[in-house]
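**Q** Can you read through this structure? Questions will come right after.
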Protein chains: 4
Amino acid sequence: MVVKVGAAGLCHSDLHLINGDWQKSLPLNLPKTPGHEIAGWVEETGTLVPKSIKKGDLVAVFGGWGCGFCFYCKRGDEQMCQAAKWPGLSEYDGGFSEYLLVPSYRFLIKVDEQTTFLKPEELAPLTDAGLTPYRAIKKVRHILGPNRNVAIIGIGGLGFYATQYARILGSGATVVALDRSDDKLEMAKEVGGADFSLNLTELEVRNKIHKITNGEGIDVVVDTVGLESTINLAADILNKNGAIVVVGLFGKEIRTPLFQTVIQEYQIYGSLWGNYNELREVIELAKRGKIKHQIHKFPISRVNEAIDLLRAGNIEGRAVIIP
Amino acid sequence: MVVKVGAAGLCHSDLHLINGDWQKSLPLNLPKTPGHEIAGWVEETGTLVPKSIKKGDLVAVFGGWGCGFCFYCKRGDEQMCQAAKWPGLSEYDGGFSEYLLVPSYRFLIKVDEQTTFLKPEELAPLTDAGLTPYRAIKKVRHILGPNRNVAIIGIGGLGFYATQYARILGSGATVVALDRSDDKLEMAKEVGGADFSLNLTELEVRNKIHKITNGEGIDVVVDTVGLESTINLAADILNKNGAIVVVGLFGKEIRTPLFQTVIQEYQIYGSLWGNYNELREVIELAKRGKIKHQIHKFPISRVNEAIDLLRAGNIEGRAVIIP
Amino acid sequence: MVVKVGAAGLCHSDLHLINGDWQKSLPLNLPKTPGHEIAGWVEETGTLVPKSIKKGDLVAVFGGWGCGFCFYCKRGDEQMCQAAKWPGLSEYDGGFSEYLLVPSYRFLIKVDEQTTFLKPEELAPLTDAGLTPYRAIKKVRHILGPNRNVAIIGIGGLGFYATQYARILGSGATVVALDRSDDKLEMAKEVGGADFSLNLTELEVRNKIHKITNGEGIDVVVDTVGLESTINLAADILNKNGAIVVVGLFGKEIRTPLFQTVIQEYQIYGSLWGNYNELREVIELAKRGKIKHQIHKFPISRVNEAIDLLRAGNIEGRAVIIP
Amino acid sequence: MVVKVGAAGLCHSDLHLINGDWQKSLPLNLPKTPGHEIAGWVEETGTLVPKSIKKGDLVAVFGGWGCGFCFYCKRGDEQMCQAAKWPGLSEYDGGFSEYLLVPSYRFLIKVDEQTTFLKPEELAPLTDAGLTPYRAIKKVRHILGPNRNVAIIGIGGLGFYATQYARILGSGATVVALDRSDDKLEMAKEVGGADFSLNLTELEVRNKIHKITNGEGIDVVVDTVGLESTINLAADILNKNGAIVVVGLFGKEIRTPLFQTVIQEYQIYGSLWGNYNELREVIELAKRGKIKHQIHKFPISRVNEAIDLLRAGNIEGRAVIIP
């Protein structure tokens, strides 16, 4: 399959890649075109592609390209494939490009452009920024409910969606947004629907959480940052039997106090991207207008400017590259 | 504990009781005062009651009085107790009365009258009509999500709440309300937040469901009626791997076609009332204004009129008896 | 892929097919070669097949051939595919034949013949008779435990394996085997490891179950028959919150009493075959010698004799056709 | 209730208590009689105790005494009670004593001495050493199966039982025992039923695990120690999506590498003791002879000797104090 790229989201993973942080962790064949959050239009199909997928169709590209054969693929978690090939993050080239080679139509999700009014720049971020927190929260959704509390640490590309999913999947849970930027916190409340927001740089964050939750603490913390400081905070504000779900990759270690973790039965989860059906669900929410987008478009000629802004923490929502 | 009754809901179970339908099924010691949906104020406490519960406190009475010792009580499902004693449905007297004897403060949930503005007549129905569909939907909440569909059959006392829970616990699922009364269906849409409503007496209900769900069918049907006709319909409109949760007790049998049930991996669940923590969750939703009430107050002198109206299907929402 | 058939199990589904029972339910293109329980050796591979799969490799054929693209395939349940193509049960030909065309290597599971000593006639039945009850019991394994009871109704091809899985997956549950044949019951106890066995034709089956379970009843009934009489029995002996899992297809309806189903919170599940990872697990058990086989080999020239014996209920364990 | 103590297990928690490790963590009112693993005979009952519990009955004492009213008690996890009162670990005195005051018969489990042949010294350790690993493994039992691997780190009082539960609850998983003592490892294999054992002081532990698991790693590690070194090992040998369950309290922190935890979707759980129904299940296993005991009896006059032996790591199995 060849897809004409309509838009490709710019992700912190791209910065990690550019920094060389993952040289030893990922099997890259440099040089490589980055970009793993992609939407566009079908340009060319192969002979085995079903007729329902045609040239010109708007598609989101699921990026967790798997072998289809290992234990993880066969249970539906292709993004966890034993031999994963991710566009822009493996030997395959990514979406900061006019065209993208996709190894199978099984990695595409078709979206009806005319009835949904969705655009590639809205779809592209859904395939990672909009997918990763969805899986993270779905993983612990059984914990959430009317008198439970969920906190999102970091209201960046992922956190903005996370706030919305906490509301949609939370079965009535109270949603608290945490970040260092008041602008992002306001966005989380006004657009994302958070019930409360707290600036991480304030004194007394723990006490304020204590008050908001009537002394109980937070039942689910989604950490989209992953720094020592954010994970410390997460462990500090956690309620008995609470869960921390980490998706951010900025730090080096996850550390929690042993005694409390055992005695309070804490749960800590890493969560990786999302699977194909989860992306279907996210796109369904978008089709029905149940999630809001916060997008900044950059023509591909200005990609380095976008990178600089993201690195400086000055993107509210998601930067999207238009080739 | 003695509770001064503020309000007691009138339930179809009371009609079954009055009809003598359950003479052989339940260990009643007649004569008996009915009424198992109760809220009121603490009148008298015993010596073992904690100081946090005081005379004059507004309380909802959890009706699934259990032994606290059997397998079901010890897992938190006291309403399923091996030796259950339910007020108004066992040898204990119920709430159509000025005062109620409650065997333990562990069956009460205290509600702050001043901060929540909740009234006994709003609380009382939550303890059964508002609790039973909550448990029913929570049981299958893991099935629900953005591209799933849930249908509520019967928009009576329970169904009106069920519609709301389908929205709150449904993680973005589409909610379809089904009843024979257009007035009730309108209430389900306007107040309860159903996405679609269909009159059961219409021709082509199945086809309309087919259309609403893009040919997929319904993933979760909550049947608050339990008649042969409603269960037939439930099985007919069910999606692959779909679930029917039955809480209504009007019929005699649950029947589904064997071949489809096996090949499509249907799931059928009976669901009984709710447990204490589930009632806590329901009341929390009410405290935060996330569920709406539809209540008709009758002084206890008019209880027989209320019974006649309920029997005729002419109560929209819940009738509540005020002693 | 072409597989040289080593053995193909004979299943009640084949009898249903031969009887014409499923003419309206399944999209067959007659005439057709039956046989969906297949093992053999790789004969020919295509160009896209990984090098780890070579001519001469012993393989079990997973029969739930799916599209790989629909919701069910993408969650790993290819046997539930929206557009399923099962060998011998769809327009594809099955395994009562010297060679079998398999649409993808993704439907094969390779078994090392030299280290495992497994033979095609042992592997073949695992792909359905040995897979279907595995999924059925895994579905409700969370219910089982040291003071729970599980009953297997029907100790035929599937039930013999079911008895063994009840022990392996049961976390210490007591296993009760039920059948009309004393010989099969003896096999269930001696070989399958059932704790108790009861002849269905005996008087007082219910009372004996009552006694075995200290008055509690059975927590999980796996019905491999699916007749009105067996499902009635299942409902009759069920414990509070118990589950019936139906895999047998002999009857027309599943019927349970409404009042008990609701009040006792019964659960009823249909269960279809098994998925690829489940087959991997079953084969792993076989590789480690943890499941026993009960096989009767028939050369393909005697297939009609095998069919007659199966129809008459005179096969203990599984009949396997050798081409 | 007064219970005449028959036996009380000696636990590492008692050493922590004696060391003063928990002075700040637990609300003790010193001086105090330790001992929280208790079995004995009913000596005196109060007026509210059901007639089925009589003087002279052999009972195991569930030690997680809870309020019966908070969220955790009401869901059945009384050992997690918001206001827990544990014998020997709170202001209540424990079982290193002739008699024990128990606040409610709801914390006792009666065992028929004549039919089960169980003795107090076998029962007592089940209430903690035999209960804690049961809950730990049950928590992640859904992960286990025929081609999964489970490792137990530390074959002390808890680890010896853990090995057995890994087999009983593991659905066919391979069980690996790890300790620094060859004697304990032999016990784990010969008596506990471990498939493999490895001495933690050997070089190449990681490589040997790699080999045993065909390069996959361990799916569930139960760490009964909780030291930095054991948790490091656990993280090192973990398979993709694997779980670490920590019950040991020797260390200060749980630390896992962030990148792997996220990318491999590791899961880390603290697990606290067990609940009443879990103790029922453990005792059921004992009644049926499905778990083996490894007990060393010390008269209460030699309690200090037992403490010294335990501190030095020289107890194989569980030391039990007989008053």
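The values are calculated or read from the model by the stated rules, or taken from the named source; none is laboratory data. In this text the structure is predicted, and so the values were computed from the model without any measurement. Here the Cβ positions follow ideal geometry from the backbone for every residue, glycine too, while neighbour counts run over all protein chains shown. Heads up: the accessible areas ignore ligands, DNA and RNA and are worked out on the full protein's heavy atoms, side chains in. Shrake-Rupley method; radii C 1.70, N 1.55, O 1.52, S 1.80 Å.
**Q** Do you know which of the residues in segment B:251-298 that are within 30 Å of residue C:252 (Cα to Cα) and in contact (Cβ under 8 Å) with a residue 40 or more places away in the chain is farthest from the chain's Cα centre (by Cα)?
**A** B:267
**Q** Given the structure, is residue B:311 in contact with a Pro (Cβ under 8 Å, 6 or more places away or on another chain), closer than 18 Å to residue B:125 by Cα and either open to solvent by 50 Å² or more (accessible area, probe 1.4 Å) or of a type in the set (Lys, Arg) (or both)?
**A** Details: in contact with a Pro (Cβ under 8 Å, 6 or more places away or on another chain): no; closer than 18 Å to residue B:125 by Cα: yes; either open to solvent by 50 Å² or more (accessible area, probe 1.4 Å) or of a type in the set (Lys, Arg) (or both): yes.
Judged against the criteria, residue B:311 is not a match.
**Q** If you don't mind, another one. Enumerate the pairs (first residue in segment A:146-163 and under 12 Å from residue A:192 (Cβ atoms); second residue anywhere and of a type in the set (Phe, Trp, Tyr)) with beta-carbon separation below 8 Å, excluding pairs fewer than 6 apart on the same chain, so at least 6 apart or on different chains.
**A** A:161/A:134
**Q** Please enumerate the residues belonging to segment D:224-248 that are among the hydrophobic types (A, V, I, L, M, F, W, C), at the interface with another protein chain (Cβ under 10 Å from one of its Cβ atoms) and buried (at least 20 other Cβ atoms within 10 Å of the Cβ).
**A** D:231, D:235, D:243, D:244, D:245, D:246, D:247
**Q** Hey, residue B:271 hits all of (1) of a type outside the set (Phe, Trp, Tyr); (2) facing chain C (nearest Cβ under 7 Å); (3) open to solvent by less than 10 Å² (accessible area, probe 1.4 Å); (4) over 24 Å from residue A:146 (Cβ atoms) but one; which does it fall short on?
**A** Here residue B:271 meets the rest and fails (4).
**Q** Looking at B:85, B:24, B:4, which one is open to solvent by 40 Å² or more (accessible area, probe 1.4 Å) and either within 22 Å of the chain's Cα centre (by Cα) or aromatic (Phe, Trp, Tyr) (or both)?
**A** Working: B:24 fails: either within 22 Å of the chain's Cα centre (by Cα) or aromatic (Phe, Trp, Tyr) (or both); B:4 fails: either within 22 Å of the chain's Cα centre (by Cα) or aromatic (Phe, Trp, Tyr) (or both).
Only one candidate qualifies: B:85.
**Q** Output the residues belonging to segment A:88-119 that are among the charged types (D, E, K, R) and over 19 Å from the mean Cα position of the chain (by Cα). First the steps, then the outcome.
**A** Just the residues of segment A:88-119 that are among the charged types (D, E, K, R), to begin with: A:91, A:93, A:98, A:106, A:110, A:112-113, A:119.
A:91, A:93, A:98, A:106, A:110, A:112, A:113, listed by residue number.
**Q** So residue A:63 passes all but one of these: (1) under 24 Å from the mean Cα position of the chain (by Cα); (2) more than 21 Å from residue C:50 (Cβ to Cβ); (3) free of Cβ contacts under 8 Å to residues at least 40 places away in the same chain. Which condition number does it fail?
**A** (3)
**Q** Test residue A:300 against the criterion of being open to solvent by 40 Å² or more (accessible area, probe 1.4 Å), more than 18 Å from residue D:261 (Cβ to Cβ) and away from chain D (no Cβ under 14 Å), and give yes or no. Steps first, answer last, please.
**A** Values: open to solvent by 40 Å² or more (accessible area, probe 1.4 Å): yes; more than 18 Å from residue D:261 (Cβ to Cβ): yes; away from chain D (no Cβ under 14 Å): yes.
Against the criterion (open to solvent by 40 Å² or more (accessible area, probe 1.4 Å), more than 18 Å from residue D:261 (Cβ to Cβ) and away from chain D (no Cβ under 14 Å)), residue A:300 qualifies.
Let's see how each residue does on (1) open to solvent by 10 Å² or more (accessible area, probe 1.4 Å); (2) more than 16 Å from residue D:98 (Cα to Cα); (3) in a loop (DSSP other than H, G, I, E, B):
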| position | (1), (2), (3) |
| --- | --- |
| D:34 | yes, no, yes |
| D:41 | yes, no, no |
| D:48 | yes, yes, yes |
| D:51 | yes, yes, yes |
| D:55 | yes, no, yes |
| D:59 | no, no, no |
| D:67 | yes, yes, yes |
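**Q** Does residue C:96 meet the test of being touching a strand residue (DSSP E or B) at 6+ places or on another chain (Cβ under 7 Å) and either more than 23 Å from residue A:66 (Cβ to Cβ) or of a type in the set (Lys, Arg) (or both)? It would help to see each step written out before you state the result.
**A** On the way: touching a strand residue (DSSP E or B) at 6+ places or on another chain (Cβ under 7 Å): yes; either more than 23 Å from residue A:66 (Cβ to Cβ) or of a type in the set (Lys, Arg) (or both): yes.
When the stated conditions are applied, residue C:96 passes them.
**Q** Only one of A:265, A:316 is outside any helix (DSSP H, G or I) and open to solvent by less than 10 Å² (accessible area, probe 1.4 Å); which? Quick ask: steps written out before the conclusion?
**A** Numbers: A:316 fails: open to solvent by less than 10 Å² (accessible area, probe 1.4 Å).
None of the other options fit; the residue is A:265.
**Q** Sticking with this one: Starting from residues that are out of contact with any Asp or Glu (no Cβ under 6 Å at 6 or more places or on another chain) and either among the basic types (Lys, Arg) or assigned to a helix (DSSP H, G or I) (or both), keep the ones in segment C:236-262 and report whichever is farthest from residue C:36 (Cα to Cα).
**A** Only one residue fits best here, namely C:259.
**Q** Just name the residue that is surrounded by the fewest Cβ atoms within 10 Å (Cβ to Cβ) out of those in segment A:143-157 that are within 26 Å of residue A:124 (Cβ to Cβ) and at pLDDT 95 or above.
**A** As a first pass, look at segment A:143-157 and keep what is within 26 Å of residue A:124 (Cβ to Cβ): A:152-157.
Of the ones still in play, those that are also at pLDDT 95 or above are A:152-155.
Values: A:152: 31, A:153: 29, A:154: 27, A:155: 30.
The extreme case among them is A:154.
**Q** Right, something else. For segment A:88-117, how many residues are open to solvent by less than 10 Å² (accessible area, probe 1.4 Å) and either in contact with a Cys (Cβ under 8 Å, 6 or more places away or on another chain) or under 14 Å from residue A:60 (Cβ atoms) (or both)?
**A** Of the residues in that region, 5 qualify.
**Q** Does residue D:186 meet the test of being outside any loop (DSSP other than H, G, I, E, B) and surrounded by fewer than 21 Cβ atoms within 10 Å (Cβ to Cβ)? Walk me through it before giving the result.
**A** On the way: outside any loop (DSSP other than H, G, I, E, B): yes; surrounded by fewer than 21 Cβ atoms within 10 Å (Cβ to Cβ): yes.
Yes; evaluated as a whole, the condition is true for this residue.
**Q** Return the residues of segment C:6-20 that are touching a residue at least 24 places away in the same chain (Cβ under 8 Å) and not polar (S, T, N, Q); say none if nothing qualifies. Full working, then the answer.
**A** Taking segment C:6-20 first, the residues touching a residue at least 24 places away in the same chain (Cβ under 8 Å) are C:6-18.
Listed by number, the residues that qualify are C:6, C:7, C:8, C:9, C:10, C:11, C:12, C:14, C:15, C:16, C:17, C:18.
**Q** For segment C:209-223, give me the residue count where each residue is within 11 Å of chain B (Cβ to nearest Cβ) and surrounded by 21 or more Cβ atoms within 10 Å (Cβ to Cβ). Full working, then the answer.
**A** Taking segment C:209-223 and keeping what is within 11 Å of chain B (Cβ to nearest Cβ), we get C:215-216, C:219, C:223.
Within this subset, residues satisfying the condition of being surrounded by 21 or more Cβ atoms within 10 Å (Cβ to Cβ) are C:219, C:223.
Of the residues in segment C:209-223, 2 are within 11 Å of chain B (Cβ to nearest Cβ) and surrounded by 21 or more Cβ atoms within 10 Å (Cβ to Cβ).
**Q** Separate question: Grab the helices (runs of 4 or more DSSP H) fully contained in segment B:101-154, keeping just those with 2 or more residues being of a type in the set (D, E, K, R), within 14 Å of chain A (Cβ to nearest Cβ) and at negative phi. Let's see the steps before the verdict.
**A** Details: elements: B:113-116, B:120-126, B:132-139.
Qualifying helices (runs of 4 or more DSSP H): B:132-139.
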